[in-house]
Structures are given as structure tokens and as C-alpha cells.
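A.B. asks: First the structure, which I've put down as C-alpha cells, then a few questions once you've had a look.
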Amino acid sequence: MKNRSLACPLAAATALTLAGCGLMPGGDQDRTVSVWLMRDSVSEDFLKRFTAAYESEHPGVRLRFTIQEWTGIGKKVTEALQGGGGPDVIEVGNTQVAQYADTDKLYDLTLESVRDLGGEKWLPGLAEPGRIGGSQYGIPWYAANRVVIYHKDLFAAAGITEPPATREEWLDDTGRLNRNGSQGIYLAGQDWYTLAGFIWDEGGELAVDKGGEWAGALDSPAALRGMDFYKDLQSLGSGPKNADEQTPPQAEVFAKGDVAQIIATPSAVAAITKANPGLKDKLGFFPIPGKKAGQPCAVFTGGSDLIIPENAPERTAALDVVKALAGEKWQTELARAMNYVPNKTTLSSVVEGQEATAVMAVGAARGRATPNSPQWADVEAANPIKPYMSAVLLGDDPKAAAEHASEQITQALAE
């Protein structure tokens, strides 16, 4: 079907089914592929263009998109995997794949990832959490990660003409910025995603899989070095030691104009400029520096993977839809439309004209995800990492605090 017009706005309902706009099959020969996407993952325009192009190229296949909310999605997806006649393709958070794979109800996409999708070029922070027990269940779709957002005027006033290339330079520059009434950096004491990057950069882990048994690893020498660097950096500003980056929202703190840097995804710019429109042309971006020049710090990669349930009614057609969404053409379109990092390192050039997204892409090449355990959500629910960080920043013995937090992580992962 060519040039189909979608009249329904995406925001019209919590779970919008585009079949209501006339996309239901017109005859017995048609197959309808049902796709669940998450709120704000795509624009209405992108979905219109993708649907029109795909249906034109695949006569007899109709696409029905349903927009889901993140709140409560875990239960809804699990029920769909266990039932019958559910969606054919589901967008899930990259770190959620393990818990869904644990149901044994996901279709193994390993063959397609190697044969058709160029999986060897995928961003590691999307590919690794989609790979369980050697099988690929999640197909990387898009990514976002933290960068350093900085105030150009404060950098200029401190005589800093270019962003730091290494951690050592970063600490030196931040120290120079942390004076004359300005904070060198606003870094809350419990920003554990940022800490994770420093730990990975040192060669450490949050938790390790020991023959099928997961154990917390914050007390390893490498992880302790990551926490030590976090402490040094956090001291070069006035961020709270016992709160996370949302208490108060760090974008609002930065918007006051006396903070030189924050670590955040570029999406924070909207909140910054809303609170202080005068900063619109004064913001710059650079990758979180690593230990060596030319190698940015490892970062936590957020984003989405695409999965196909074992019980998908139109599994063969669903595979083709996933290949299109994850392929070069529509990855390029999605990245440019939504300011996402595309799913392959080889596609980073498609966002070169988008400064913040291009900086994200540099960091994403060294992206990671949280430990690939189905129980990791239980760790985050209680999150012993946050009080561990506060304890160290407030002067407790780092080794003892890390051992205690690691024990709590191990217990959560064993449940």
C-alpha cells in the first residue's frame, strides 16, 4: 500500500493503536504485524514515513503500531510473552532484555544478527544486554548516554580554550573552574550511573557472573579506584553528598549560571534552557574524558532493543520489520529525527551535524550496560550503591563500605 496517510496523533491515548487510523488488513491475503513502541521513542512523522515506505515495499503486509507507556510496562510485556496472539515486535529497554529472556519466551535472533544485521558493528551497550547465554534476543535499536555539558563563558573566563582530553586534564581544569563564586562541576553524591563508567574505565564491574552465580564487585581494587576518582571530581563543586542528580534536578542547578559542568544526557538541555533561555548559545559538549587521550571514559548506555516473542502470530513478517527498523536507512532517519545515537559504530557519521548527538556517539562506542542478570532490577529497587557512595564521600572507610554494598548486591541477585 502506497502513500498511506496516518491521521491519528501519537499523543492521543496512552496506548494508541494505529489500526484505528485505517491500517487494519483489507482482505484475507493481508498480514498485520503488531508492533509495540514506547512513548517518545519515535515522532509521528517518522512513524508515518516508515509505515508508508514499508507497506509500499512489502505488498500484503500492514503495520499496526501501539504506543505504550514506560510505567508498568514490565508486567504488560511479561503477560504478552506468556499469552497468545500478542504483539509481534516489542521495544524494550536494553537492560530489560535479560528479565524477559528469563521467561524462555523470546525468539532467538542470533542467526539474523550475524547473517542479516551486521551484529559485529553494534554498540556494545545495546548488544551485550541483548545477548543472554550466548544467544542474541534483543536487536539494538537506538542509544543515548551521558556527556559533559559545559558553560562556555565560564570556561573562557578560566582561560580554558578546549575541552580536556584525559581525566588528569579534566581534574586540573575543573579545579581552575571551581573558584570566583562558580562551581567547577555540579556532581551529586549518588549519581551511580556516572560512577559505573569510572569503575568500568578502571577495569572493574558492578557485579560479576561466577559460573551462573552473580556477586557484587564494588570492593575490587579496580572498582575502588573508580570510586576514588569520583570522590576527587565530586569535591570540585558543591553537589550534595547524600542525594542523587534529581534531588534537586541538576539541570535546574546548572541553569542558575554559576556551574561550569554537569554530567548528563543532552536531553537535559531542554530543561536548562527552559529555566534560563539566556544559556541557549552558551552550552558546549564533550565526551566524559578517559584515562588516555583519544579514548573517552566508558559510559552507561541507555536505549532500546527490539525483541520478538516466541508466540508472535506473524513471526516471519516481524523479522523483516525488525531488519528494516534496525537497518542503515531507518537508523539514519531515526537518529536525525530524534537525536539518538544509531545502533552501529559505523553509523556515527550520520549525526555529525548535530553537536550534542555526535559527542554522545563518541562515548557510545565505549558504552556498557548494567550487569546482565534477570534480577538486576531488584538491585536497582533497593540500590545499595547510592548509600555506599554517600558513605565514602562523607569519610567512611571505602573498602568496608564497598564490601557491605557488594554483599547486598549479591543477596539481591541471588533471590
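A.B. asks: Can you list the helices (runs of 4 or more DSSP H) lying wholly within the stretch 76-130 that have 2 or more residues being of a type outside the set (Lys, Arg) and at pLDDT below 95? Break it down stepwise before answering.
C.D. replies: Values: elements: 97-101, 110-115, 124-127.
By residue number, 110-115.
A.B. asks: Further question on the same structure: In the stretch 131-155, what residues are assigned to a loop (DSSP other than H, G, I, E, B) and under 21 Å from residue 327 (Cα atoms)?
C.D. replies: 137, 138
A.B. asks: Same structure, new question: Just give me the residues in the stretch 55-68 being surrounded by 12 or more Cβ atoms within 10 Å (Cβ to Cβ) and either outside any strand (DSSP E or B) or free of Cβ contacts under 8 Å to residues at least 60 places away in the same chain (or both), in sequence order.
C.D. replies: 55, 56, 58, 60, 64, 65, 66, 67, 68
A.B. asks: Please work out if residue 412 is of a type in the set (Gly, Ala, Ser) and part of a helix (DSSP H, G or I).
C.D. replies: Numbers: of a type in the set (Gly, Ala, Ser): yes; part of a helix (DSSP H, G or I): yes.
So residue 412 passes the test.
A.B. asks: Considering the stretch 313-338 alone, what residues qualify as being closer than 24 Å to residue 70 by Cβ and open to solvent by less than 10 Å² (accessible area, probe 1.4 Å)?
C.D. replies: Residues satisfying the conditions are 318, 321, 322, 325, 326, 331, 334, 335.
A.B. asks: Let me ask something else. Is it the case that residue 355 is acidic (Asp, Glu), modelled with pLDDT of 95 or more and in contact with a strand residue (DSSP E or B) (Cβ under 7 Å, 6 or more places away or on another chain)?
C.D. replies: On the way: acidic (Asp, Glu): yes; modelled with pLDDT of 95 or more: yes; in contact with a strand residue (DSSP E or B) (Cβ under 7 Å, 6 or more places away or on another chain): yes.
Taking the combined requirement at face value, the residue satisfies it.
A.B. asks: Determine whether residue 301 is under 30 Å from residue 63 (Cα atoms) and surrounded by 24 or more Cβ atoms within 10 Å (Cβ to Cβ). Show your work before the answer.
C.D. replies: On the way: under 30 Å from residue 63 (Cα atoms): yes; surrounded by 24 or more Cβ atoms within 10 Å (Cβ to Cβ): yes.
Yes: the conditions hold for residue 301.
A.B. asks: What pairs come up if the first residue lies in the stretch 355-377 and is more than 18 Å from residue 146 (Cβ to Cβ), the second is basic (Lys, Arg), and their beta carbons are under 8 Å apart, counting only those six or more places apart or on different chains?
C.D. replies: 372/131
A.B. asks: For residue 209, are the conditions met, namely being under 23 Å from residue 359 (Cα atoms), open to solvent by 10 Å² or more (accessible area, probe 1.4 Å) and acidic (Asp, Glu)?
C.D. replies: Details: under 23 Å from residue 359 (Cα atoms): no; open to solvent by 10 Å² or more (accessible area, probe 1.4 Å): yes; acidic (Asp, Glu): yes.
In short, no.
A.B. asks: Confirm whether residue 274 is over 15 Å from the mean Cα position of the chain (by Cα), surrounded by fewer than 19 Cβ atoms within 10 Å (Cβ to Cβ), not polar (S, T, N, Q) and not in a loop (DSSP other than H, G, I, E, B). Show your work before the answer.
C.D. replies: Values: over 15 Å from the mean Cα position of the chain (by Cα): yes; surrounded by fewer than 19 Cβ atoms within 10 Å (Cβ to Cβ): yes; not polar (S, T, N, Q): yes; not in a loop (DSSP other than H, G, I, E, B): yes.
Yes.
A.B. asks: Further question: Scanning the stretch 187-215 for residues that are without any contact (Cβ under 8 Å) to a residue 24 or more places away in the chain and over 24 Å from the mean Cα position of the chain (by Cα), which turns out farthest from residue 384 (Cα to Cα)?
C.D. replies: Taking the candidates together, the pick is 211.
A.B. asks: Okay, moving on. Of everything in the stretch 309-331, what is farther than 26 Å from residue 357 by Cα and not in a loop (DSSP other than H, G, I, E, B)? Give them in sequence order.
C.D. replies: 309, 315, 316, 317, 318, 319, 320
A.B. asks: Can you tell me how many residues within the stretch 216-269 are closer than 18 Å to residue 297 by Cβ, within 24 Å of the chain's Cα centre (by Cα) and among the acidic types (Asp, Glu)?
C.D. replies: Of the residues in that region, 1 qualify.
The rows are residues; the columns are (1) assigned to a loop (DSSP other than H, G, I, E, B); (2) open to solvent by less than 70 Å² (accessible area, probe 1.4 Å); (3) in contact with a Cys (Cβ under 6 Å, 6 or more places away or on another chain).
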{"site": "222", "(1), (2), (3)": "no, yes, no"}
{"site": "225", "(1), (2), (3)": "no, no, no"}
{"site": "240", "(1), (2), (3)": "yes, yes, no"}
{"site": "257", "(1), (2), (3)": "yes, yes, no"}
{"site": "284", "(1), (2), (3)": "no, yes, no"}
{"site": "288", "(1), (2), (3)": "yes, yes, yes"}
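A.B. asks: All but one of (1) open to solvent by less than 30 Å² (accessible area, probe 1.4 Å); (2) aromatic (Phe, Trp, Tyr); (3) more than 18 Å from residue 347 (Cβ to Cβ) hold for residue 122; which doesn't?
C.D. replies: Residue 122 satisfies all of (1) open to solvent by less than 30 Å² (accessible area, probe 1.4 Å); (2) aromatic (Phe, Trp, Tyr); (3) more than 18 Å from residue 347 (Cβ to Cβ) except (3).
A.B. asks: Turning to a different aspect of this structure: For the structure I just gave you, tell me whether residue 390 is open to solvent by less than 20 Å² (accessible area, probe 1.4 Å), hydroxyl-bearing (Ser, Thr, Tyr) and more than 18 Å from the chain's Cα centre (by Cα).
C.D. replies: yes
A.B. asks: How many residues, within the stretch 290-308, are of a type outside the set (Ser, Thr, Tyr) and assigned to a strand (DSSP E or B)? Walk me through it before giving the result.
C.D. replies: Looking only at the stretch 290-308, we keep the residues that are of a type outside the set (Ser, Thr, Tyr), and these are 290-300, 302-303, 305-308.
So of that shortlist, the ones also assigned to a strand (DSSP E or B) come out as 290, 292, 295, 299-300, 302-303, 305-307.
Number satisfying all stated conditions: 10.
A.B. asks: Now, a different point. Any idea which of 110, 103, 161, 95 is touching a residue at least 40 places away in the same chain (Cβ under 8 Å) and polar (S, T, N, Q)? Before you say what the answer is, go through the steps one by one.
C.D. replies: Working: 110 fails: touching a residue at least 40 places away in the same chain (Cβ under 8 Å); 103 fails: touching a residue at least 40 places away in the same chain (Cβ under 8 Å); 161 fails: touching a residue at least 40 places away in the same chain (Cβ under 8 Å).
Going through 110, 103, 161, 95 in turn, just one is touching a residue at least 40 places away in the same chain (Cβ under 8 Å) and polar (S, T, N, Q): 95.
A.B. asks: Collect the residues in the stretch 69-92 that are free of Cβ contacts under 8 Å to residues at least 60 places away in the same chain, surrounded by 13 or more Cβ atoms within 10 Å (Cβ to Cβ) and among the β-branched types (Val, Ile, Thr), keeping them in residue-number order.
C.D. replies: 73, 77, 78, listed by residue number.
A.B. asks: Pick from the stretch 192-206 the residues that are in contact with a strand residue (DSSP E or B) (Cβ under 7 Å, 6 or more places away or on another chain) and open to solvent by less than 30 Å² (accessible area, probe 1.4 Å): which of them is farthest from residue 411 (Cα to Cα)? Lay out the reasoning, then the answer.
C.D. replies: In the first step, residues of the stretch 192-206 are kept if they are in contact with a strand residue (DSSP E or B) (Cβ under 7 Å, 6 or more places away or on another chain); the result is 193-194, 196-197, 200-201.
Subsequent filtering for residues that are open to solvent by less than 30 Å² (accessible area, probe 1.4 Å) retains 194, 196-197, 200-201.
Working: 194: 23, 196: 20, 197: 23, 200: 22, 201: 25 Å.
This residue is 201.
The values are calculated or read from the model by the stated rules, or taken from the named source; none is laboratory data. No experiment lies behind these values; they were computed from the predicted model shown. Note that each Cβ is placed from the backbone with ideal geometry, even for glycine, and that neighbours are counted across all protein chains shown. Protein only, heavy atoms only, side chains kept; ligands, DNA and RNA dropped before computing areas. Shrake-Rupley method; radii C 1.70, N 1.55, O 1.52, S 1.80 Å.
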